[in-house]
1. Can you tell me how much longer the chain between E173 and H75 gets when fully stretched, taken as 0.36 nm per residue apart minus their C-alpha distance, in nm with one decimal?
2. Is the shape of region 65-199 rounded, prolate or oblate, going by the alpha carbon gyration tensor and its root eigenvalues a ≥ b ≥ c, with a/c under 1.5 for rounded and a/b larger than b/c for prolate?
3. ³J(HN,Hα) across region 163-174 via Karplus (A = 6.51, B = -1.76, C = 1.60, θ = phi - 60°), whole Hz, x for Gly/Pro?
4. When ranked by the protection proxy of mean other Cβ atoms within 10 Å per residue, highest first, what sequence do the peptides 30-39, 89-98 form?
5. Determine, from the Cβ-Cβ distance of K90 and R63 and an R0 of 30 Å, the FRET efficiency 1/(1 + (r/R0)^6), rounded to the nearest 0.05.
6. Quick one: if the Förster radius is 51 Å, what FRET efficiency do F198 and S30 give, using the C-beta to C-beta distance and rounding to 0.05?
7. So how do 63-74, 188-199 stack up, highest first, on mean other-Cβ count within 10 Å?
8. S99 to R222: FRET efficiency via 1/(1 + (r/R0)^6), r the Cβ-Cβ distance, R0 22 Å, to the nearest 0.05?
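Every number here is computed from the coordinates shown, using simple stated rules; none is lab data. Values in this document were obtained by computation on a predicted structure and should not be read as measured data. Neighbour counts run over all protein chains shown; Cβ positions are idealised from the backbone, glycine included.
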Amino acid sequence: MASGGPLLPTTHLAHLALLVSEDLYNAHHSSWFADLDLMVSSFSSPDTPVPALQSLSFRSIKRAQHTALDAKIQHSISLYLLHSRLEPQKDGPAKHITSCIRHYLTGVAIADHRFAMTRILLGAHNLHGVHSGNSQASTEFQQCRMCHNHLETPEHMLLQCNADNDTTRIRDEFFSHLSQTTHPRFVPVSFTDNAALFWLKAVMFEWAAAPVVARWIYHTCRKWKALSLLPSEVNAEIRQQHDDGDDG
């Protein structure tokens, strides 16, 4: 197995341990060499073939891992907010980085806000409208439980749905705070589906806006989670009462 660097002397204990582990692997016994083979083989696909284990280097293992991870993200419906993601940089333009400590993990101080933003990015939410084309979920099930006339997606919840006064208030406060960041972004009066998706991905990946964006996502998700725990007819009644009270 190539090391990608200076080779150890044949008398080195680590080198001898490698030889013993490879002998166990070749004899079909348990060994860390066999574990490594299992891990590396999980990266292999017709599009991303992995060389034979004995010819691998640590660099090639990392490259195969990143290629497999990129492919999994790009082909996952639930991870569509991460498709073709460009990682913001403190200096210079954003660029593609497969694996790193993401900007919001270091730039957002409040743990609940980081958690909310991570759940939205990874599709680990309870919104009903994100499904593959062959999903068994009915069209009715995928409709927004607030307005009932659009797929219930993160971009719809955060930028398009106007059926709940608290949601629109939280959104307006976010837009106001966003204008005060170091890189203020133009906010359209209304969003088409494509514009909402593009704008959400753009603002979520801005370094300077991360704390403001994470807070907005957290408070919006908290509101929707509280309502989604109740039957839809009770939600409608509560929203009507809330809206009537606001109008008074």
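1. Gain on stretching E173 to H75: 31.8 nm.
2. In terms of gyration-tensor shape, oblate.
3. For region 163-174, the Karplus curve yields 7, 10, 4, 5, 4, 5, 5, 4, 5, 4, 5, 4 Hz.
4. The densest-packed peptide leads the list: 30-39, 89-98.
5. Efficiency, from the Cβ-Cβ distance: 0.75.
6. For R0 = 51 Å, the calculated efficiency reads 0.55.
7. By packing density, highest mean first, the sequence is 63-74, 188-199.
8. Once rounded, the FRET efficiency stands at 0.15.
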